Amino acid sequence: MNGLDWTVLIGYFGVMVAIGFWSHKRVDTVSDFFTAGGKMPWWLSGISHHMSGYSAVMFTGYAGIAYTYGVTSFVTWSFPIALGIAIGSKLFAPRVNRLRSRLHVASPLEYLKNRYNLPTQQALVWSGMLLKIVDVGAKWAAIATLLSVFTGVSLNQGILITGAITAVYCTIGGLWADALTELGQFVIQLLAGLSMFIAVVAKLHDKDIGFLGAWDQPALHGHGRPLVGPYGTVFLLAFLFIKLFEYNGGMLNQAQRYMATRDAREATRSARLSAALWLVWPVVLFFPMWMSPLLVHAKKPDGSDSYALMTEQLLPHGLLGLVVVGFFSHTMAMCSSDANAIAAVFTRDVAPVLSRRAREWGRRPALVAARVTTVVFLGLSMSVATQVNTPAFKDIITVVIKWVAGLMGPIAIPMMLGLLRRFRRSGPTAALTSWAAGLLAFWLVNYPINWNVHGGVPLQYQVSVPLAVSLVLYIVVGYLRPEDTPERLAVIERINTDDDGTEALAVPVPAGAGDDVVGTGTPDRT
C-alpha cells in the first residue's frame, strides 16, 4: 500500500467513527441501543442483516476453499445461507419481531425465561456468549491476516487497530450505528467487489483464456464440481440446517435486525431482501477466488492468502486501498453487530440474575452498562483472536466451520424451535437435554472418537452429529415428557399471532416496559 491507499483506509475509518457519533443522538434508551426502538426501515434492516453475516473469513478461509476446491465454496456456504434465510423469512422473522413488539424484550434470548425457565435461559445465554467470543475472535484474526499481507503490521497490531475503531462507533451509537455503517460498507463492498471482478476478467482476457474458457484449464480441473473433498452431501444438508437456525436468530445479531423493524411484515421483507443478496452477490465475490489458481500461487498450504496476493497483483493503488477497506467493512460489520447482540444478552439476561442492583437500573445506568459490556466483549474476543492460529484452534477456517457450526445447533435449536407452535410440548427438560447432549456429542466426535479413528472423523460428521443429536432429543423428549403449561402456551401464542389475531393471548407487561423493563409477569389466557 502507498499513500493513496492509506488515505482511502484512514478516510473510511473516519467516516465510521463519524457515523457512530451521529447515531449517538438517536440513542436515548436501551431499546434504542439494542433494537433501534423498532423504527428501522425494512430495506436498511435487510442490508444490515446481509452485511452482518460476512467477515474477512470469506477472503481468507473461504478464499482458501475456493482456491483448492472451486465452486463448492459457494454451494456449501452462501447458497445454504440464502436458502435458510428465505425459509426463515416466513418461519422465523415475523416471530422474532414479535419478541420486541408483543413481549417488549430487547434481547433475543430474553423471552426464554418465560418460554422455558431461568436455568434453561442461563445455560443458553452463557454458552451462546462464550461461542460468540470465539467466533468473533476468528474474525479479528482473519482481518489481521489480510492487513499483515498489505501493510506488514503484525497480527496483534492488526487486531488492536480494527478492534479499537469498531469499539468507538458501535459503543457510541448502538444498533443504529451498526446498521448505518453497514449500509456504507455495503456500498464500499459493491465498488470493491466489482473492481476485483472486472480486474480478474481483464487479466483472463490478456492471457487469452477468456471468461468461460478458464474452466477448461488444467489448474481448475474438478473446480466446477459442486460437492467435493470434505464438503459433501451430508455437510451441505447439515450446513443448511445450521444456517437456517444461525442466520434467522440463532447467532443473536441477525435476530436484532428482525426485531428492529416496525412489525412482523417488515421483518419478513427484510429477510427476503437479505436472502436475495446472499444468492446473487457472493457469486461476484467468489468468481475471482475461483480463478485464483490461474493467476497466483498461494504461499500458505490452505490457500488462505490467495485473494490478498491476487489483489496486490491486479489492482492499482487507490483501488487496492478500496478493496482493503472492503475487507474491513465485512469484518467490522459482523463484529460490531455481534458486540451489540452480546451486550444486549448480558445486560438484559445475565446482569439482572447476578446482581440485585442490575434489576433496578434506570434508563441511564442501563445504557452505560450496555456500552461497557460492548467494550468488554470486544476486548475478550480480541484476546481470543491472538490465539486462533495456535494448536488449540488450528486455523481460522477450523474455528469458523468446526467450532462455530458444530456448536451452533445445540445452542440455537431450543431458542429457534421454541418459537414455533409445533414444538410447544418441548419444555425445559427437552431444551436442557438437547443442549447438553449436543455439546457432549460435539466433544466426542471432535476429540476422543476423532483421536481413535484412522484418519479422524470426517468434517461433515463433526458438524452434523451435534446438530442431529440436539434436534432429535429436543423433539423426542418433548413428546415423551410434554411441558406445555398454560403459561408457556401463552408466550408461544403471543409470538405466533399478530395484534388483530383472534387467537392471541395476552401477557401482562408492567407500565413503561416498552423502553427498559421486560414483561416477565405470569402470562394468563384471555
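Readers should treat all values here as calculations from the given coordinates under stated rules, not as data from a laboratory. Since the model is a prediction, treat every value here as computed from it, not as a measurement. Note that each Cβ is placed from the backbone with ideal geometry, even for glycine, and that neighbours are counted across all protein chains shown.
What the table shows:
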item: Region 264-365: relative contact order in percent, alpha carbon pairs under 8 Å with at least 6 residues between; result: 11
item: Cβ-placed point charges (K, R +1; D, E -1), dipole of the chain about Cα centre in debye, nearest 20; result: 900
item: Extreme residue, positive dipole direction of the chain, given options Leu244, Leu285, Trp126 (C-beta unit charges); result: Trp126
item: Spin-label pair Leu194/Lys300, simplified geometry with 7 Å Cα→Cβ offset, distance in nm; result: 2.9
item: Where labels lie 7 Å past Cα in the beta-carbon direction, separation of Gln157 and Val280 in nm; result: 4.1
item: Low-density loop cleavage sites - chymotrypsin sites (Phe, Trp or Tyr not before Pro) in region 52-130, where at most 10 other Cβ are within 10 Å (DSSP); result: none
item: As computed over region 44-107, the Cα convex hull volume per residue (Å³); result: 97
item: Base-10 log of normalised Debye intensity for region 90-187 (one unit scatterer per alpha-carbon) at q = 0.16 Å⁻¹; result: -0.94
item: Sequence-separation-based contact order of the chain, relative, with Cα cut under 8 Å and 6+ spacing, percent; result: 29
item: At q = 0.11, 0.12, 0.20 Å⁻¹, base-10 log of I(q)/I(0) for region 158-290 (Debye sum, equal scatterers on each alpha carbon); result: -0.64, -0.75, -1.27
item: Rounded to whole Hz, the Karplus (6.51, -1.76, 1.60) HN-Hα couplings of region 7-18, x for glycine and proline; result: 4, 4, 5, 5, x, 4, 4, x, 5, 4, 5, 4
item: Note, ³J(HN,Hα) from phi for region 279-287, Karplus 6.51, -1.76, 1.60, rounded to Hz, x at Gly and Pro; result: 7, 9, 5, x, 4, 5, 6, 7, 3
item: Karplus-derived HN-Hα couplings along region 450-455 (A = 6.51, B = -1.76, C = 1.60, θ = phi - 60°), whole Hz, x at Gly and Pro; result: 4, 6, 9, 10, 4, x
item: Kirkwood Rh, angstrom, region 284-332 [1 / mean 1/r, Cα pairs]; result: 11.4
item: Sites Ala436 and Asp263 - FRET efficiency at Förster radius 41 Å, r taken between beta-carbons, to 0.05; result: 0.70
item: Among the listed pairs Lys139/Lys300; Lys90/Lys243; Lys243/Lys299; Lys132/Lys402, those beyond 20 Å (Cα-Cα); result: Lys243/Lys299
item: Debye equation applied to the C-alpha atoms of region 227-374, log10 I(q)/I(0) at 0.20 Å⁻¹; result: -1.30
item: Stretch in the chain that is longest and holds no GluC sites (Glu not before Pro) that DSSP places in a loop and that have at most 15 other beta carbons within 10 Å; result: 1-359
item: 0 to 90° range, to nearest 10: angle between helix 118-151 axis and the chain longest Cα axis; result: 20
item: Dimensions (Å) - the chain, Cα atoms, principal axes, largest first; result: 73, 54, 41
